[in-house]
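The values are calculated or read from the model by the stated rules, or taken from the named source; none is laboratory data. What you see is a predicted model, and the numbers here were worked out from it, not measured in a lab. Glycine gets a Cβ as well: all are built from the backbone with ideal geometry, and neighbour counts include every protein chain shown. Please note that ligands, DNA and RNA were not included when accessible areas were found on the heavy atoms of the full protein model with its side chains. Shrake-Rupley method; radii C 1.70, N 1.55, O 1.52, S 1.80 Å.
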Amino acid sequence: TLLGDGELNEGAVWEGAMAAAKFGLDNLTAIVDRNGLQNDGLCDDVMPMDSIPDKFRAFGWEVLEMDGHDMRNVLAVLKAASMARGRPACVVARTVKGKGVSFMEGVRDWHGKAPSDEQFEKAAAELGPAGAASAAGGRI
């Protein structure tokens, strides 16, 4: 299950977190995308969350943290999360929205809008071979 850090402002998330721990759902891993941005602004301005890892620990979850841009770290942490027994796991992924694209990086305006064709081409070029291959295959 994937959660943006802005979604953690919702009470239903914490009700679900309590239920998952109560029932020992060790087959559940929640990934929190901790990029600090949401539609309305900076997460810490809209509703400060303080320590997200501490909150999930207090709710009875196994908590791991990772660099969401380091694929080796991502794979290692997800493997470790799958080993949690008797309780769900929460992985807090520290990320930067739009990482690697000069006009998107850290800009909340890209939270809910698609780039134009020209912006898409520029972003793909900035991302290098992987981005260019995606652009060559067409947009989704």
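Key figures
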quantity	calculated
Per-region count, the range 15-35, residues over 19 Å from Leu64 (Cβ atoms) and either among the charged types (D, E, K, R) or touching a helix residue (DSSP H, G or I) at 6+ places or on another chain (Cβ under 9 Å) (or both)	2
Residue list for the range 36-56, filter: touching a Leu at 6+ places or on another chain (Cβ under 9 Å), open to solvent by less than 60 Å² (accessible area, probe 1.4 Å) and more than 23 Å from Lys22 (Cβ to Cβ)	Gly36, Cys43
Test: residue in the range 115-129 that is more than 19 Å from Asp5 (Cβ to Cβ) and hydroxyl-bearing (Ser, Thr, Tyr)	yes
Top-ranked residue in the range 81-105 [being touching an Asp or Glu at 6+ places or on another chain (Cβ under 8 Å) and aliphatic (A, V, I, L, M); ranked as surrounded by the fewest Cβ atoms within 10 Å (Cβ to Cβ)]	Val96
Qualifying residue in the range 130-139 (condition: in contact (Cβ under 8 Å) with a residue 40 or more places away in the chain, over 13 Å from Gly4 (Cα atoms) and open to solvent by less than 40 Å² (accessible area, probe 1.4 Å))	no
Members of the range 21-35 that are open to solvent by 50 Å² or more (accessible area, probe 1.4 Å) and more than 17 Å from the chain's Cα centre (by Cα)	Lys22, Phe23, Leu25, Asp26, Asn27
Glu7 being part of a strand (DSSP E or B) and open to solvent by 50 Å² or more (accessible area, probe 1.4 Å)	no
So Met18, is it touching a residue at least 12 places away in the same chain (Cβ under 8 Å), surrounded by fewer than 19 Cβ atoms within 10 Å (Cβ to Cβ) and assigned to a helix (DSSP H, G or I)	yes
Single residue of the range 57-66 satisfying the filter (open to solvent by less than 60 Å² (accessible area, probe 1.4 Å) and not aromatic (Phe, Trp, Tyr)) that is farthest from Ala89 (Cα to Cα)	Met66
Hits in the range 25-42 - residues which are in a strand (DSSP E or B), closer than 26 Å to Ser82 by Cα and either of a type in the set (Gly, Ala, Ser) or touching a Phe, Trp or Tyr at 6+ places or on another chain (Cβ under 9 Å) (or both)	Ala30, Val32
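Each row is one residue, and each column tells you yes or no for (1) modelled with pLDDT of 95 or more; (2) of a type in the set (Ser, Thr, Tyr); (3) part of a helix (DSSP H, G or I); (4) under 24 Å from Val13 (Cα atoms).
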| residue | (1), (2), (3), (4) |
| --- | --- |
| Val77 | yes, no, yes, yes |
| Ala80 | yes, no, yes, yes |
| Ala93 | yes, no, no, yes |
| Gly100 | no, no, no, no |
